[in-house]
Amino acid sequence: MAASSAELGTAVSAPALGVVRPRRRVDPRRRRETATAYLLILPALLLLLCFIIGPLFGGIALSFFNYDLLTPAKFIGLGNYRFLIHDSEALNALRVTLTFTVASVALHVVVGLALALAANRRMPRALSYGVRTAVFFPVLISWAVVSLIAEFTLDPNFGFITYYLDKIGISGLNLFADRHTALAAIVGVDLWHTVGFTFIVLLAGLQVIPQHLYEAARIDGANPWRMLRSITLPLLSPSLFFVIVISFIGAFQLFEPVNIITKGGPGNTTESIVQYIYEKGFVQFHIGYAATLGVLVMVTLLLATLIQFGFARRWVHNDLGD
């Protein structure tokens, strides 16, 4: 049946006038679920705002002021940043921090990987759990306790480590008081305290590598070194990248052992940038300048992390070879 002219006119003119579509009905159950989800994440958002975002922007704003907690803050623009460029003590603290960070990250990767490879070998379950507990246990101890343990055990007068070193002919050793060995001693204390975290992460990464790859490599005649270089390290690269980034961030914020053991000495050879911030902000009450140093730390960590992510594309592999 042919359509009438009125019907055709209506069909043609309706799109031109626009079709009024019915409003989409919102499911009340879905609305309640969405409201509940926002309500559950609200405490985390408030904590993020109060303890991360707020202090971050507050510190950046404070870096443009001269403030000593006792008198009203005075706006000085970029004055703190101009002073920072010529502050030799800040530059020395930054150099010490970078030296410590590079040494700490390198040792964490090497020692943590060696321990993980050793613990990943077949051994009795009780022995395996004992090794993991012994390596990871120092991580659970606070930095204050670790620093006091290191200070007493390496004391040149009554430390038991120096006592046995004296028995084998090494006497008069005071690692924390010698400007040539103080920073290396801090690196060693940090390694003992925190390498357990690196060890656990790398051990978990080793245990997800498919074993059939090693079996195929053995059949092809590959030796352990070749399997480590061609199988283990490439497939462990995501875990290695993670521990490098985390270790770098943690090492760059070195403070507790320096503040407790050496106080930045001898001769500022162990003064980290965070220790210097503490002295400027809470000892000398140069709050504005301390905030400027905090901005320097933030920018340095941000740039270092971005560089690491940029280089990660060249050596991090996410394929487990399944």
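Quick one, which of (1) 62, 45, 45; (2) 115, 75, 36; (3) 55, 50, 38 is the actual Cα extents along the principal axes in Å calculated for this model? After the calculation, the listed value that fits is (2).
Highest mean first, the peptides 117-129, 248-260 sorted by other C-beta atoms within 10 Å per residue fall in the order 248-260, 117-129. Remark on F65: its backbone amide H falls under 5 Å from those of I76, a criterion applied only to residues 5 or more positions apart or on other chains, H modelled at 1.01 Å from N. Principal-axis analysis of the Cα atoms of the chain puts helix 233-252 at an angle of about 70° to the longest axis. Length gained on full extension, V299 to Y129, computed as 0.36 nm times the residue gap minus the Cα-Cα distance: 57.1 nm.
Only Lys, Arg, Asp and Glu carry charge here, each on its Cβ (+1 for the first two, -1 for the last two); on that basis the chain has a dipole of about 1220 debye about its Cα centre.
Relative to the dominant Cα principal axis of the chain, helix 88-119 is inclined by about 80°. As a calculated quantity, the FRET efficiency between A35 and W315 at R0 = 56 Å, using C-beta atoms, amounts to about 0.80. Based on alpha-carbon centroids, what's the gap between region 54-82 and region 175-221 in Å, whole number please? The distance from the Cα centre of region 54-82 to that of region 175-221 comes to 42 Å. When a 1.4 Å probe is rolled over the protein heavy atoms, the share of accessible surface on the chain that falls to carbon and sulfur comes to 67 percent. A cut-off under 14 angstrom between Cβ atoms defines the neighbours of E256, and their net charge, with Lys, Arg +1 and Asp, Glu -1, is -2. Taken per residue, the accessible surface of region 75-151 reaches 60 Å², heavy atoms only and a 1.4 Å probe. Could you tell me which of rounded, prolate or oblate describes region 98-215, using a ≥ b ≥ c as the square roots of the eigenvalues of the alpha-carbon gyration tensor, with rounded for a/c under 1.5 and, failing that, prolate when a/b is larger than b/c and oblate otherwise? The shape class here is prolate. Would you mind pulling out the separation of the Cα centroids of region 102-157 and region 36-53, in Å? Answer, in whole Å: 35. Note on surface exposure: W315, W225, W143 rank W225, W315, W143 by accessible area, highest first, 1.4 Å probe. Net length available on complete extension from L91 to T71 is 4.4 nm, with 0.36 nm assigned per residue and the Cα-Cα distance removed. Which shape class, rounded, prolate or oblate, goes with region 172-322 when its Cα gyration tensor gives a ≥ b ≥ c as root eigenvalues, a/c under 1.5 marks rounded, and past that a/b bigger than b/c marks prolate? It comes out prolate by the Cα gyration axes. Placing pseudo-labels 7 Å out from each Cα toward the beta carbon at L228 and F136 gives an inter-label distance of 2.4 nm. Determine which residues of region 121-138 fall in the zone a paramagnetic label at T153 would reach in this model, i.e. backbone nitrogen under 20 Å from the point 7 Å along Cα→Cβ. Output list for this probe position: 130-138. Only one residue of N318, T71, N174 has its Cα farthest out toward the positive end of the dipole of the chain, where Lys and Arg carry +1 and Asp and Glu -1 on Cβ, and that residue is N318.
Residues of region 166-192 with the amide nitrogen closer than 13 Å to a label point 7 Å from the Cα of V102, along Cα-to-Cβ, please. Output list for this probe position: empty. With both labels modelled 7 Å from their Cα along Cα-to-Cβ, the L117 to H180 distance reads 3.2 nm. Near P224: Cβ cut-off under 15 Å, other residues only, Lys/Arg at +1 and Asp/Glu at -1. The net charge is +3. Each stretch of four or more DSSP H residues adds -39500 (n - 2.57); spread over every residue of the chain, this sum gives -21000 deg cm²/dmol at 222 nm.
Once both labels are positioned 7 Å from their Cα atoms along Cα-to-Cβ, the gap between F255 and Q308 label points is 1.9 nm.
What FRET efficiency would be calculated for the residue pair L48, I219, taking the C-beta separation as r and a Förster radius of 45 Å, to the nearest 0.05?
The value I calculate is 0.30.
Against the longest principal axis of the chain, how steep is helix 287-315, in degrees 0 to 90 to the nearest 10, with axes from Cα atoms? Helix 287-315 and the main axis of the chain meet at about 70 degrees. Other residues within the sphere of radius under 11 Å centred on the Cβ of G159, judged by their own Cβ, net out at -3 (K and R +1, D and E -1).
The values are calculated or read from the model by the stated rules, or taken from the named source; none is laboratory data. Just so we're clear, the structure is a prediction, and the values are computed from it rather than from any experiment. For neighbour counting, all protein chains shown are included, and Cβ atoms are generated from backbone atoms with ideal geometry for every residue, glycine included. Areas reflect the complete protein model, heavy atoms only, side chains present, ligands, DNA and RNA absent. Shrake-Rupley method; radii C 1.70, N 1.55, O 1.52, S 1.80 Å.
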